[in-house]
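Single-structure report; data block below.
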Amino acid sequence: MSATVAPPAPARSGGELSHKQIVTILSGLMLGMFLAALDQMIVATAIRTIGDDLHGLSVQAWVTTAFLITSTIATPLYGKLSDIYGRKPLFLFAITIFIVGSALCGLSTSMYMLAAFRALQGIGAGGLMSMAMAIVGDIIPPRERARYQGYFMAVFATSSVLGPVVGGFFAGQSSIFGITGWRWIFYVNVPTGVLALIVVNRVLQVQHHRRQHRIDWWGALALVVGLVPLLIIAEQGRTWGWSSPGAFTCYVIGVFGLIMFVRIQQLMGDDALLPMRLFRNRVFAVASAQSMVIGIGMFGGMASIPLYLQIVKGASPTKAGLLILPMVMGMIAASLTAGQIISRTGHYKRLPVVGSALLVLGLVLMSRIGAGTPLWQTDIFMLIFGAGLGLNMQTLVLAMQNAVEPKDMGVSTAAATFFRQVGGTLGTAVFLSILFSAAGSHIKSQYQDAAATPAFRQAARAHPDQLASLGNGAKLNDTSFLSRIDAQLAHPYLVGFSQAMDLVFTVGAAVLVFAFILSLFLKEVPLRTQSGLEAARTAAAAEDGGTPDAVGATHEPTTTPQAH
């Protein structure tokens with residue numbers, strides 16, 4: 001691969017980029033990350049409206065599953081291919097596929113068609129986040145990288161605020177310029193994506209030292225065979241039954257695929273998607289496991305909290321999205337604090353320990369909330385939970401990037417995202433399964449207890465039709481009736497549902513205890529003072545017998561410069 005044009009501004013001594021150059025490049029990366037983060041928030045807000053319009057609300061889970069499957073499987077592929085061919089072409093490819101998938105999603109005429117196009121969109125999304133973080137690892141030394149975390153946290157905060165608002169707005173419009181309102185949820189990605197393409201193509205000018213590798217297509221196929229059935233049953237198990245023949249078939253195929261994947265990775269050596277030698281690195285192995293466990297707790301908690309706000313507190317989807325701002329603010333504040341601590345001290349070991357403890361504490365406190373808990377208390381609990389996430393997420397990625405050789409930067413970054421996504425998918429599915437399995441019995445129990453109270457009996461006599469609509473008191477597929485019935489009749493339902501939520505948060509806290517234990521075993525490696533690109537240039541120069549110059553071209557000892 002020929003060398004790309006060097007950045008316009010002169011690099012600092014040693015070949016490192018200046019602050020101005022880094023911020024310029026970050027502008028392109030943040031646009032790509034904004035696409036992925038905003039899309040998840042918007043679609044989650046409007047999925048019920050989309051399902052109703054396409055007459056397929058009962059199969060809405062497939063829309064989510066298809067996206068998760070392809071984005072999860074694509075993530076390690078992007079990491080490995082970018083180590084071979086360079087970050088920029090893979091990042092541009094990811095943005096392009098995401099744009100095309102978004103445009104096709106807007107044209108969908110059925111939920112199954114939407115699921116297929118969401119799968120295509122997920123292929124692009126799998127590279128947006130992991131490629132952006134890998135490029136950050138390339139251009140910023142680990143010791144300084146934490147200083148720039150605030151930029152990325154700003155992206156997540158903006159998407160968290162805008163997502164529910166924009167999604168609610170589009171979903172609430174019957175048509176805009178003659179096009180059904182919800183379709184703009186996908187169409188809005190097109191101009192944003194085109195802008196990201198233009199900016200990334202202009203500002204992302206970094207050299208890549210090409211290394212010859214085989215592409216691990218068999219490993220990718222085995223990963224598909226292993227993950228697809230397990231992700232499907234994670235999403236559909238509650239509907240199919242966890243011990244049904246379909247579920248058992250998924251278990252068998254998934255386990256077989258994962259065994260084959262591990263074996264192929266062993267045979268492929270350094271050419272593997274996830275080289276097994278990396279797991280002999282204690283930091284990489286522990287941080288990977290911790291990322292997966294935190295993914296389980298993080299996504300499980302984040303999927304459950306909006307349901308509490310909407311069902312128990314009666315907030316609209318848009319309002320519920322805004323009500324989780326304390327958690328977002330906690331993430332941002334903690335991430336910025338972590339960045340300052342790492343930048344000033346060069347140490348990161350304690351941050352995941354404290355962060356994991358805060359995650360456990362946050363969910364333990366949330367397990368105590370009920371139907372009558374004031375929102376300000378819930379806000380404090382969400383703030384603590386968010387702070388735990390903020391201390392962990394970027395710190396673990398930094399630890400993994402710093403612990404491996406520069407040539408494995410893409411693989412290590414993709415691995416962090418991959419394990420977190422797998423954990424998140426499992427956590428969401430398992431926690432929601434626990435929630436809806438426990439909710440029915442808790443709600444029935446509350447109605448039995450309420451039936452003996454004078455206030456409930458009086459409301460029942462005044463509204464016999466509403467009492468009849470409750471059925472056995474465990475209607476879970478459609479909770480919209482809660483806003484239309486007497487408060488006394490709705491109260492037992494809200495109490496029972498919040499009790500089921502308490503169980504979810506308790507289980508989540510128990511899971512995150514393992515993240516805390518793992519954090520104690522995370523070994524601290526001194527942070528490198530070179531960026532990934534500069535370290536790679538130094539290594540390449542050593543291999544070729546030359547020395548890297550200030551802007552990254554490698555000089556042979558006695559011949560003219562050669563760009564890699």
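State whether one or more residues within segment 93-106 are within 28 Å of Q340 (Cα to Cα) and within 17 Å of the chain's Cα centre (by Cα).
For segment 93-106, residues within 28 Å of Q340 (Cα to Cα) and within 17 Å of the chain's Cα centre (by Cα): absent.
Within segment 109-121, which residues are surrounded by fewer than 24 Cβ atoms within 10 Å (Cβ to Cβ), under 23 Å from I95 (Cα atoms) and in contact (Cβ under 8 Å) with a residue 24 or more places away in the chain?
Matches in segment 109-121: A115, A116, A119, L120.
Would you be able to say whether some residue in segment 89-102 is surrounded by fewer than 21 Cβ atoms within 10 Å (Cβ to Cβ), without any contact (Cβ under 8 Å) to a residue 24 or more places away in the chain and not in a helix (DSSP H, G or I)?
no
Taking the conditions exactly as written (at pLDDT 80 or above, under 30 Å from G241 (Cβ atoms) and surrounded by fewer than 19 Cβ atoms within 10 Å (Cβ to Cβ)), does S441 satisfy them or not?
Yes: the conditions hold for S441.
Could you list all residues from segment 214-241 that are part of a loop (DSSP other than H, G, I, E, B) and surrounded by 14 or more Cβ atoms within 10 Å (Cβ to Cβ)?
Correct list: I215, D216.
Can you tell me which residues in segment 361-408 are among the β-branched types (V, I, T), in a helix (DSSP H, G or I) and within 15 Å of I305 (Cα to Cα)?
V364, T378, I380, I384
With respect to A157, determine if the residue is hydrophobic (A, V, I, L, M, F, W, C), modelled with pLDDT of 90 or more and in a helix (DSSP H, G or I).
no
Yes or no: A459 touching an Asp or Glu at 6+ places or on another chain (Cβ under 8 Å), modelled with pLDDT of 65 or more and not assigned by TED's automatic domain parsing to the domain that holds V286?
yes
Could you run through segment 313-351 and say how many residues are modelled with pLDDT of 85 or more, surrounded by 17 or more Cβ atoms within 10 Å (Cβ to Cβ) and outside any helix (DSSP H, G or I)?
1
In the list E534, E524, which residue meets the criterion of being closer than 30 Å to I139 by Cβ, modelled with pLDDT of 80 or more and either outside the structural domain of G388 (by TED's automatic domain parsing) or not hydrophobic (A, V, I, L, M, F, W, C) (or both)?
E524
On the basis of being assigned to a loop (DSSP other than H, G, I, E, B) and surrounded by 15 or more Cβ atoms within 10 Å (Cβ to Cβ), does L278 make the cut?
no
Given (1) at pLDDT 80 or above; (2) in contact with a helix residue (DSSP H, G or I) (Cβ under 9 Å, 6 or more places away or on another chain); (3) under 26 Å from F169 (Cβ atoms), identify the lone condition not met by Y78.
Exception for Y78: condition (3).
Would you check which residues across segment 486-523 are outside any helix (DSSP H, G or I) and buried (at least 18 other Cβ atoms within 10 Å of the Cβ) and list them?
Selection gives L522 alone.
In segment 38-46, is there at least one residue being assigned to a loop (DSSP other than H, G, I, E, B), surrounded by fewer than 23 Cβ atoms within 10 Å (Cβ to Cβ) and either at pLDDT below 85 or not assigned by TED's automatic domain parsing to the domain that holds I179 (or both)?
no
Just to check your reading of the model, which residue among Q290, Q266 is free of Cβ contacts under 8 Å to residues at least 24 places away in the same chain and of a type in the set (S, T, N, Q)?
It is Q266.
Just give me the residues in segment 238-259 being out of contact with any Gly (no Cβ under 7 Å at 6 or more places or on another chain) and among the aliphatic types (A, V, I, L, M), in sequence order.
Selection gives V252, I253, V255, I259.
The values are calculated or read from the model by the stated rules, or taken from the named source; none is laboratory data. Since we're looking at a predicted model, the values are computed, not measured. Note that each Cβ is placed from the backbone with ideal geometry, even for glycine, and that neighbours are counted across all protein chains shown.
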